[in-house]
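Report on the following structure.
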Ligand code: B12
Ligand code: SF4
């Protein structure tokens, strides 16, 4: 079988220096050698021609669902079967089966070889359910990324799942409350073989428990790599842990602060974050050990008032954050936040990820504390101010001297200016490829038709 893996881009357009999409390294590693494998990442290279292939395999997130469906329609019209996996088909299998010959709910490891066998014999089943994995021996095959224009940051996975259960997050809907980790020695061996450069641990929360975390940090020390991870705010509660992370090469930590407003945190089921004074303490402790902080925030909860934006701006600048993501709440299907807003009738008629009028960076539901336009404008103003040249420089060179070496400074500047450049490129872009009009009507027809209709 000739298999073409396709990573759809949210807008059908390329991005500058994205990260390698790790799911495809797993799929390529799981593919038996008798099959031919081709890989096309629309985030780095436009998907122009219809590729010659026997099977198309797409990884689909909610933000890329519309584009993935457009691509799928094109191939299915040519009689080429399409398989979809990833978060969106897992959360909304009924929708995804309308656009694919087969979908995978959950993880690929146990079911991918079976799917290839069934595809070869022309008897694909509409739904395969990947059982929960124990993560030992996963074959990450990165050769498919060779020669492509990816950025200098390489993704690595230690574990899957998160021990928390925030209201807006789809991670628990995907993994349940289970957290599993790879054997540390396998992670260390993989890192030893990677190209030089910065590493990004894709785990939703690298800080799960003391034993696994300490073992990982100790294995990282001799590798002398610089890395970033995502972790909950309590990662900084223990000074010994921070010291160990710094020794292990931690450059920065992405922390989901989400909001400086306690009422919003309560509503998100994230009251354990506690709010601004804890955030300031966390950032200070990490800065003391030379670790930078990337804060992420969500706006649009019913408790958000116009004052939250100014409070957030003050915190970010005072704390000299390395980076910040100011996200609009785009409720993900399957999450309690989505269900509540849906029951309250606050979305439009079509699912927002399919609706051609939806825009990245524009609210997809009626907010309670302000108008849609005000919410969009305030979030945009925050981004513009945080990534202004003045803010980038003052965060680096302000009172705390958070960036301590020339190489650290060059990475800080490179990433901040990349984010600055990216801001306007994706903002207000519609989902999917706007020029793909034939596929648009196809999507509407297929969405109205019976499951499995091309
Ligand atoms: C790294 C990452 C990014 C990187 C992407 C870089 C890259 N090229 O991968 C960056 C920082 C750019 C990013 C951006 C965003 N992200 Co992101 N990201 C992640 C993260 C942390 C890890 C993804 C990863 O590598 N996982 C490791 C691989 C091995 O796992 P996997 O992709 O899930 O694949 C497995 C299965 O899903 C399945 N599978 C997946 N694809 C396929 C395909 C087939 C054919 C098959 C059979 C199986 C299969 O098998 C794989 C192995 O078991 C996830 C969190 C998570 N838990 O996944 C969020 C996540 C994917 N991101 C998310 C979101 C919302 C975003 C943003 C919209 C955030 C924002 N507001 O800007 C943007 C969108 C960007 C865009 N343009 O599309 C959500 C998506 C939710 C959803 N329902 O779709 C997630 C799940 C986080 C969350 N907390 O909810 N993200
Ligand atoms: S801590 Fe982060 S990854 Fe975990 S459930 Fe909350 S938002 Fe999701």
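Structure above, values below:
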read-out: Qualifying residue in the range 205-213 (condition: in contact with a strand residue (DSSP E or B) (Cβ under 6 Å, 6 or more places away or on another chain), in a helix (DSSP H, G or I) and more than 15 Å from ligand 2 (Cβ to nearest atom)); value: yes
read-out: Residue list for the range 408-428, filter: without any contact (Cβ under 8 Å) to a residue 40 or more places away in the chain and more than 21 Å from the chain's Cα centre (by Cα); value: 409, 410, 413
read-out: Per-region count, the range 19-54, residues surrounded by 16 or more Cβ atoms within 10 Å (Cβ to Cβ) and out of contact with any strand residue (DSSP E or B) (no Cβ under 8 Å at 6 or more places or on another chain); value: 5
read-out: Subset of the range 99-130 (residues that are more than 18 Å from residue 72 (Cβ to Cβ), more than 12 Å from ligand 1 (Cβ to nearest atom) and touching a residue at least 24 places away in the same chain (Cβ under 8 Å)); value: 120
read-out: Condition met for residue 324 (outside any loop (DSSP other than H, G, I, E, B), modelled with pLDDT under 95 and surrounded by 19 or more Cβ atoms within 10 Å (Cβ to Cβ)); value: no
read-out: Residue list for the range 385-396, restricted to those being farther than 14 Å from residue 318 by Cα and touching a helix residue (DSSP H, G or I) at 6+ places or on another chain (Cβ under 7 Å); value: 387
read-out: Lone unmet requirement of (1) more than 23 Å from the chain's Cα centre (by Cα); (2) surrounded by fewer than 17 Cβ atoms within 10 Å (Cβ to Cβ); (3) modelled with pLDDT of 95 or more for residue 296; value: (1)
read-out: Selection from the range 357-384 of residues that are without any contact (Cβ under 8 Å) to a residue 40 or more places away in the chain, assigned to a helix (DSSP H, G or I) and touching a helix residue (DSSP H, G or I) at 6+ places or on another chain (Cβ under 9 Å); value: 384
read-out: Condition check for residue 199: more than 16 Å from ligand 2 (Cβ to nearest atom) and touching a strand residue (DSSP E or B) at 6+ places or on another chain (Cβ under 8 Å); value: yes
read-out: Test result for residue 254, closer than 25 Å to residue 202 by Cβ, modelled with pLDDT of 95 or more and within 16 Å of ligand 2 (Cβ to nearest atom); value: yes
read-out: Residue satisfying all of: in the range 1-44; within 18 Å of residue 74 (Cα to Cα) and outside any strand (DSSP E or B); nearest to ligand 1 (Cβ to nearest atom) among these; value: 10
read-out: Any hit, the range 65-75, residues being buried (at least 23 other Cβ atoms within 10 Å of the Cβ), within 23 Å of residue 427 (Cα to Cα), under 16 Å from the mean Cα position of the chain (by Cα) and near ligand 1 (Cβ under 7 Å from one of its atoms); value: no
read-out: Single condition residue 224 does not satisfy, out of (1) closer than 21 Å to residue 411 by Cα; (2) touching a helix residue (DSSP H, G or I) at 6+ places or on another chain (Cβ under 9 Å); (3) surrounded by fewer than 15 Cβ atoms within 10 Å (Cβ to Cβ); value: (2)
read-out: Failed condition for residue 180, given (1) more than 16 Å from ligand 2 (Cβ to nearest atom); (2) surrounded by fewer than 18 Cβ atoms within 10 Å (Cβ to Cβ); (3) in contact (Cβ under 8 Å) with a residue 40 or more places away in the chain; value: (1)
read-out: Failed condition for residue 83, given (1) buried (at least 23 other Cβ atoms within 10 Å of the Cβ); (2) within 16 Å of ligand 2 (Cβ to nearest atom); value: (2)
read-out: Residue among 166, 162 that is within 13 Å of ligand 1 (Cβ to nearest atom), farther than 23 Å from residue 139 by Cα and either modelled with pLDDT of 95 or more or crowded, with 16+ Cβ neighbours inside 10 Å (or both); value: 166
read-out: All positions within the range 397-427 that are in a loop (DSSP other than H, G, I, E, B) and at pLDDT 85 or above; value: 405
read-out: Number of the condition not met by residue 155 [criteria: (1) more than 27 Å from residue 418 (Cα to Cα); (2) touching a strand residue (DSSP E or B) at 6+ places or on another chain (Cβ under 6 Å)]; value: (1)
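Condition check ((1) within 16 Å of ligand 2 (Cβ to nearest atom); (2) without any contact (Cβ under 8 Å) to a residue 12 or more places away in the chain; (3) buried (at least 18 other Cβ atoms within 10 Å of the Cβ)) across all residues:
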site: 235; (1), (2), (3): yes, no, yes
site: 238; (1), (2), (3): no, yes, no
site: 245; (1), (2), (3): no, no, yes
site: 258; (1), (2), (3): yes, no, yes
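The values are calculated or read from the model by the stated rules, or taken from the named source; none is laboratory data. Just so it is clear, the structure is predicted and the values come from calculations on it, not from any experiment. Positions of Cβ are generated from backbone atoms using ideal geometry, with glycine treated the same way; all protein chains shown enter the neighbour counts.
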